[in-house]
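As structure tokens, the structure follows; a few thoughts come after it.
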Amino acid sequence: MNTQEMIDLCKKHTMYTWTAGDAVAPLPIASAQGSWLTTTDGQKVLDFNAQLMSVLIGHAHPKVIAAMKAQLDELIFVYPQTATAVRARLGKLMSEVVPGNINSFFFTLGGAEANENAIRAARLYTGRHKILARYRSYHGGTHLAMSLTGDPRRWPSEPASPGIIHVMDPTPYNYSFGDTEEEVSANYLTYLEEVIQYEGPKNIAAMIVETVTGTNGVLVPPKGHFKQLKALLQSHGILMICDEVMAGFGRTGKWLAFEHFDIVPDIVTMAKGLTSSYFPLGAMGVSDPIAEHFRKNVFSGGLTYNSHPVGLATAEAVIKVMQEEKLVERAAEMGKVMRSEMDRLKAKHRSVKEGRNIGLFGMVDLQKNSKGTLLAPYNGAHPAMGKLATFFRENGLFTFVRWSNFTCNPPLNISEADLKLGFEIIDRGLEITDAAFEG
């Protein structure tokens, strides 16, 4: 079929995410290799967002494809109460990769399911019900995960699952807790302690945080904040859950982003980069005390595709590729190049407010005046942002443009030349937002 026929049939017979069906303009993709997509019309498109911040080893890695094919020949599916060789190997491998005393894993099909089961585990383990979550967070599209989410994607799913308490982040959208990182952390924790007292510490099972906030800003926590946060939660018997679905598996220049902050959470959730999105798989990792609890007590959770052999084989192969090719270390090094490119754009373009990155996890905010007012309001739009998104697409750059920002999250094995090419396209596109600058 030709390109238009393919698009028309997709729109007629399938539903798309986060959009009205008539409004969607899908990118027609025929193939993908490394950091590049190829459309059905032969256009080469640089994948500057690793699709959903998830294809971390690049597209179509031959070693992973070979491992998936081998697993198909060995064992495709058995129900979750079995033992399999690949389950044994991957569990051991992940206990070596994930730091600290997190050595036991519950496998799901994605990040939302991992977060749902993390909340279930926290409630069963503590005997408490309430969960603290943050407004500048995203935790998944299922009902409970969406209830945990703070951003506006939550609104259409309300009324929410009961027991969720949303609090501000250390970096709210239009507010500051202080002038220095130390002051921000101290004032934020004072605020959080007051919320905990209002809700009753004995009622709160856990607090879930994106270790580095993803789509809502690529926000790195203030210096020393996570150690202080964990100490506060621990003093009340509240578990700390780190959602590493987006930040984990090398994206930030560490295997898990919490390694940057000298803590180990009680529970960690993973997906996306765990299989580089070659196969649906997520995981909840629990600390040894929690694992020991569920060796003696029932974990009341189950999924038909829990520990799916093909997914586990994919994850095993991806982790080995990351180790062999030193992609975690590469993300840290290439992050320096990204930092340099962001600094160059800020110096050149008056519409650039700030570029933030940690490793190859990056975002650029755009402003409309010298006061630093964001180009679009919270959950809002601006015509220049729509034009910028169109420019990126027409000039062969795939990334996300939303509100007043765009993302910079390429595969971890992107070449330096391709990374700089992406920023060269961005450089030209920013003339559009510079023209919207009001002075």
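The numbers here are math on the coordinates, done by the rules we state, and not lab data. The structure presented is a predicted model; accordingly, all values stated were derived computationally and were not measured. Counting neighbours? That spans all protein chains shown, and the Cβs are built from the backbone with ideal geometry, glycine included.
At full extension, Lys11 and Ser340 could sit 114.4 nm farther apart than now, given 0.36 nm per residue minus the alpha carbon distance.
Using the Karplus relation 6.51 cos²θ - 1.76 cosθ + 1.60 with θ = phi - 60°, the per-residue 3J(HN,Hα) values for segment 243-253 come to 7, 10, 4, 9, 7, x, 6, x, 3, 8, x Hz, with x marking Gly and Pro. Projecting the Cα atoms of Phe48, Ala384, Thr17 onto the charge dipole of the chain (Cβ charges, centred on the Cα centre) puts Thr17 farthest toward the positive pole. Using Cβ point charges alone (K and R +1, D and E -1), the dipole size of the chain about the Cα centre works out to roughly 340 debye.
Peptide packing for 172-185, 201-214 was compared via the average number of neighbouring C-beta atoms within 10 Å per residue; ordered from the highest value, the list is 201-214, 172-185. Based on Cα contacts under 8 Å between residues 6+ apart, segment 62-324 shows a relative contact order of 30 percent. The label point for Trp155 and the one for Ser31, both projected 7 Å from the Cα toward the Cβ, are 4.4 nm apart. Amide H contacts under 5 Å for Ala30: Thr38, Thr39, Thr40, restricted to partners 5 or more places along the chain or on a different chain, H placed in the peptide plane at 1.01 Å from N. Calculated FRET efficiency, Thr19 to His143, Cβ-Cβ distance, R0 = 22 Å: about 0.65 to the nearest 0.05. Between Thr390 and Ala70, residue separation times 0.36 nm minus the direct Cα-Cα distance comes to 111.1 nm. Restricting attention to the chain, close to 65% of DSSP beta bridges with both partner residues there are antiparallel. I'd like to know which of Leu219, Leu256, Phe299 lies farthest towards the positive end of the charge dipole of segment 213-327, counting +1 on Cβ of Lys and Arg and -1 on Cβ of Asp and Glu. Selected residue: Leu219.
Of all DSSP beta bridges confined to segment 62-324, the antiparallel ones make up roughly 40%. Classify segment 286-332 from the C-alpha gyration tensor, please: rounded if a/c falls under 1.5, else prolate or oblate depending on whether a/b exceeds b/c. It comes out oblate by the Cα gyration axes. Sorted ascending by nearby beta carbons within 10 Å, beginning with the fewest, Val310, Val401 become Val401, Val310. Pairs of Cα atoms nearer than 8 Å and 6+ residues apart set the relative contact order; for the chain it is 21 percent. Note on the chain: GNM, Cα springs under 10 Å; of Gly380, Gly335, Gly91, the largest mean-square fluctuation is that of Gly380. I need the shape label for segment 219-335. Rule: rounded when a/c is under 1.5, else prolate if a/b > b/c, else oblate, with a, b, c from the alpha carbon gyration tensor. Note, shape of segment 219-335 comes out oblate.
Rounded to 0.05, the FRET efficiency of the Thr304 and Arg350 pair, given R0 = 56 Å and the Cβ-Cβ distance, is 0.55. Given the options Thr190, Thr314, Thr149, state which has the largest fluctuation in a GNM of the chain using a 10 Å cut-off (strictly under) for Cα springs. The residue with the greatest mean-square fluctuation here is Thr190.
Only Lys, Arg, Asp and Glu carry charge here, each on its Cβ (+1 for the first two, -1 for the last two); on that basis segment 343-439 has a dipole of about 260 debye about its Cα centre. Across segment 1-143, the convex hull enclosing all Cα atoms gives 210 Å³ per residue.
Taking a ≥ b ≥ c as the square roots of the eigenvalues of the Cα gyration tensor, an a/c ratio of 1.5 or more together with a/b no larger than b/c marks segment 1-59 as oblate. Listed values for segment 327-344 are Karplus-derived 3J(HN,Hα) couplings in whole Hz (6.51 cos²θ - 1.76 cosθ + 1.60, θ = phi - 60°), namely 6, 5, 5, 5, 4, 5, 5, 5, x, 5, 5, 4, 4, 5, 5, 5, 4, 5, and x replaces Gly and Pro. Extending 7 Å from the Cα toward the beta-carbon at both Tyr378 and Leu93 defines two label points whose distance is 4.3 nm. Work out the charge dipole of the chain with +1 on the Cβ of Lys and Arg and -1 on the Cβ of Asp and Glu about the Cα centre, then indicate which of Ile426, Ala145, Thr82 is farthest towards its positive end. Value computed over the given set: Thr82. Here the Gaussian network model covers the chain, with springs between Cα atoms less than 10 Å apart; of Arg134, Arg89, Arg123, Arg89 fluctuates the most. Taking the simple approach of a point 7 Å from Cα along Cα-to-Cβ for both Glu292 and Tyr79, what is their distance in nm? It works out to 3.2 nm between the two label points.
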